[in-house]
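The structure appears right after this line, and notes come after that.
The values are calculated or read from the model by the stated rules, or taken from the named source; none is laboratory data. Just so you know, these numbers come straight off a predicted model, no measurement behind them. Cβ: placed from backbone, ideal geometry, glycine included. Neighbour counts: every protein chain shown.
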Amino acid sequence: MMPRTLLDKLWQEHEITRRDDGASLLWVDRHLIHEGSHHAFAKLAARKANTAEPGLTYGVVDHYAPTRGAPATTDIARMISTLEDNAERYGITCFGLDDPRQGIVHVIGPEQGLTLPGMLVNCGDSHTSTHGAFGALAFGIGATEVAHVLATQTIWQKKPKSLRIVINGQLAPGVGAKDIALAWISKLGADGARGQAIEYAGETVRSLSMAGRMTLCNLSIEGGGRFGMIAPDQTTFDYVRGRPYAPTDADWDRALEAWASLKSDPDAAFDREVEINAADIVPIVTWGTSPEEALPITSTVPEPNNLEGADAQKLSETLEYMGLRPGQPLSDVVVDQVFIGSCTNARIEDLRDAAAVLSGRKSKVPGLVSPGSKLVKEQAEAEGLDRVFVKAGLDWVGSGCSMCVAMNGDAVPAGNRCASTTNRNFRGRQGRGARTHLMSPAMVAAAAVTGHLADVRPLLAGRGVA
Amino acid sequence: MTGWSRHTGLAIALDQENVDTDQLIPARFMSTPRSEGYGQFLLNDQRRDHTGALIEAHPLNLNPKTSILVMRRNFGSGSSREAAVYALVDFGIRVVLAPSFGDIFASNAVNNGLLPARLPDAVIDRMIAQLGASTAQVTIDLPSSTISIANESVRFDLDATWRQKLVNGWDDIDLTQVHADAIAEYRALRAQQKPWIFSAQETAG
């Protein structure tokens, strides 16, 4: 038999039929929905269709979830109640605002064991690639496609090309999955993996925790890749075992047996391969308005004088929006606030990384820390991390998408500069005129304690942090 | 959705790359019911000042009858929000010409009758240079995948399935119902082979 990639195996396993034009009809094992699904439910209602598999669909309130007190506006409250009402009407389990399991969809799916190796996971959110960290075929879809999955539990999709990103070598202390992601995105471009399914491989990936793997897969879309995946291994199985929705007893044994084959065959051919040496990666920050505009913290702001014509003009416009001076050392850039949260970096490991830097120190700027779920919040409080953040002067708030997408009222004011653990530095993403710098949780903590973008590595000296 | 084969309209160029869906419609407008129309929010932060008033000099405000946009690479990258397509469609945009599109955006576009037509970088460069701040009458022919501008005709790249969907105005749910038996058969086999995927509800209580 021809050697197959993990993508080949997952695709074949989920393919119900294939049309002459090459489009496959794929079975969806898990469909996760959030408040944004209201357009899809409206489409369903308009054609008087029902949900095909409400038992395979799970809802959660995250995009509009208030992080402090009640919803900020009646519109926001309506978005939340519409999801809860639709879930009830169609028989879908929903982790509503008051549910102890509520949190960000890409945090709670894995946390509850709803995301399992070998599954096909869909969600009307581009960061659905996160779930690929478990060896799942996971991708974001639009509202029309959400309606299609609700109505049929299937999705039409053409098989993408395969891209393997191999990362070998030892990461330096203070360098993590976020830096790996920004490194490859800045190397290949924000559309570098467009039309391709990424498999992350190599010893560095194997050494990452599930949280790190989720961060890496989460950011696949920022390099244009709709899919990101990592073959499951013992780290994956140890994470999954005992989760509320994970298989048990005889099912667990059968599942383990099935999951063991979820890896690319040794001789499998990829359409494209990229290699990255982890030892070369230093902490990275974005300086522009696309995730590809990222540089090591030790660098300086790019200079339009080094470019020609339209490129120079575009760079000048970006620097004007970002309020940066050409040639300015990145570590001189003063920040106004920080944000630790989002589906990219709000898991317990992320909070520990930030707390390790903030412990016993004061933040020079205000900031929010929003854990990825209520259960992450509970765990952090049990470990005393909340006290580290509060003593440093940061606000310890509720769980949700919060200031990453600025839908719930948490926004960065125009002209303010925010060091953020999130996934998008797009113009206006965190609020109109907001200036976002993406970086790891440890690097955001470093920006908080210094008041400017800063290399976290010296701040970790003597702290015994890996 | 009704299909279409040919469209003639007013084209303008916006010399911008990586126009992501957050720019196409900022998240704060997305709690608005679709019935109110999303066209008003299209590229809000470029087209409107802080008071919400239209900035007269913006090309889309100067030419509100624009139906064809010429853009640079990676148009519609980022979030899967279909609202970005609604904003374009409700404004009156029928076609976007660019060297590349965000994958999810392109699917969403086709599901709403909006054509994401891929053209080589060099062709887009030339169009943007020729159009500048002016407008042009452009005709798009879907069956032949051609764009006619002035006396020139250029072929664009479009997935054959997508062309069919656009021309026929097909809805995927209808197409999928044809495979109902195959889906049922697959489901039965999967439930037998991977019962833990289906038993989650029962085991978790």
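Residue-level analysis places residue A:271 outside the set of residues that are among the acidic types (Asp, Glu), out of contact with any Phe, Trp or Tyr (no Cβ under 7 Å at 6 or more places or on another chain) and more than 30 Å from residue B:100 (Cα to Cα). Here's a check for you: in the stretch A:89-111, which residue that is assigned to a helix (DSSP H, G or I) and buried (at least 22 other Cβ atoms within 10 Å of the Cβ) is farthest from the other protein chains (Cβ to nearest Cβ)? Checked the stretch A:89-111; the qualifying residue farthest from the other protein chains (Cβ to nearest Cβ) is A:107.
Among the residues of the stretch A:226-233, are any closer than 22 Å to residue A:445 by Cβ and away from chain B (no Cβ under 11 Å)?
No: the stretch A:226-233 contains no residue that is closer than 22 Å to residue A:445 by Cβ and away from chain B (no Cβ under 11 Å).
Across the stretch B:70-98, the qualifying residues are those that are within 13 Å of another protein chain (Cβ to nearest Cβ) and assigned to a strand (DSSP E or B), and the one among them that is surrounded by the most Cβ atoms within 10 Å (Cβ to Cβ) is B:75.
Identification of helices (runs of 4 or more DSSP H) wholly contained in the stretch A:171-274 with 2 or more residues that are over 21 Å from residue A:30 (Cβ atoms) and touching a residue at least 40 places away in the same chain (Cβ under 8 Å) yields A:177-188. Restricting attention to the stretch A:83-97, the residues that are of a type in the set (A, V, I, L, M) and free of Cβ contacts under 8 Å to residues at least 24 places away in the same chain total 0.
Where helices (runs of 4 or more DSSP H) fall entirely within the stretch B:1-69, none has at least 2 residues that are under 17 Å from the mean Cα position of the chain (by Cα), more than 10 Å from chain A (Cβ to nearest Cβ) and surrounded by 14 or more Cβ atoms within 10 Å (Cβ to Cβ).
The residues of the stretch A:5-28 that are within 11 Å of another protein chain (Cβ to nearest Cβ), part of a helix (DSSP H, G or I) and in contact with a strand residue (DSSP E or B) (Cβ under 6 Å, 6 or more places away or on another chain) amount to a single one, A:14. Across the stretch A:310-319, a minimum of one residue is classified as in contact (Cβ under 8 Å) with a residue 12 or more places away in the chain, hydrophobic (A, V, I, L, M, F, W, C) and assigned to a helix (DSSP H, G or I). What is the residue count in the stretch A:389-410 for residues that are within 14 Å of chain B (Cβ to nearest Cβ) and buried (at least 21 other Cβ atoms within 10 Å of the Cβ)? Adding up the residues that qualify gives 10.
Buried (at least 22 other Cβ atoms within 10 Å of the Cβ), assigned by TED's automatic domain parsing to the domain that holds residue A:45 and without any contact (Cβ under 8 Å) to a residue 12 or more places away in the chain: does that describe residue A:148? Steps first, please.
Details: buried (at least 22 other Cβ atoms within 10 Å of the Cβ): yes; assigned by TED's automatic domain parsing to the domain that holds residue A:45: yes; without any contact (Cβ under 8 Å) to a residue 12 or more places away in the chain: yes.
Taking the combined requirement at face value, the residue satisfies it.
Checking each residue in the stretch A:288-345 for being among the polar types (S, T, N, Q) and within 30 Å of residue A:397 (Cβ to Cβ) picks out A:289, A:290, A:331, A:337, A:342, A:344, A:345. When residues in the stretch A:38-80 are screened for being more than 9 Å from chain B (Cβ to nearest Cβ), part of a loop (DSSP other than H, G, I, E, B), crowded, with 16+ Cβ neighbours inside 10 Å and not charged (D, E, K, R), 7 of them pass.
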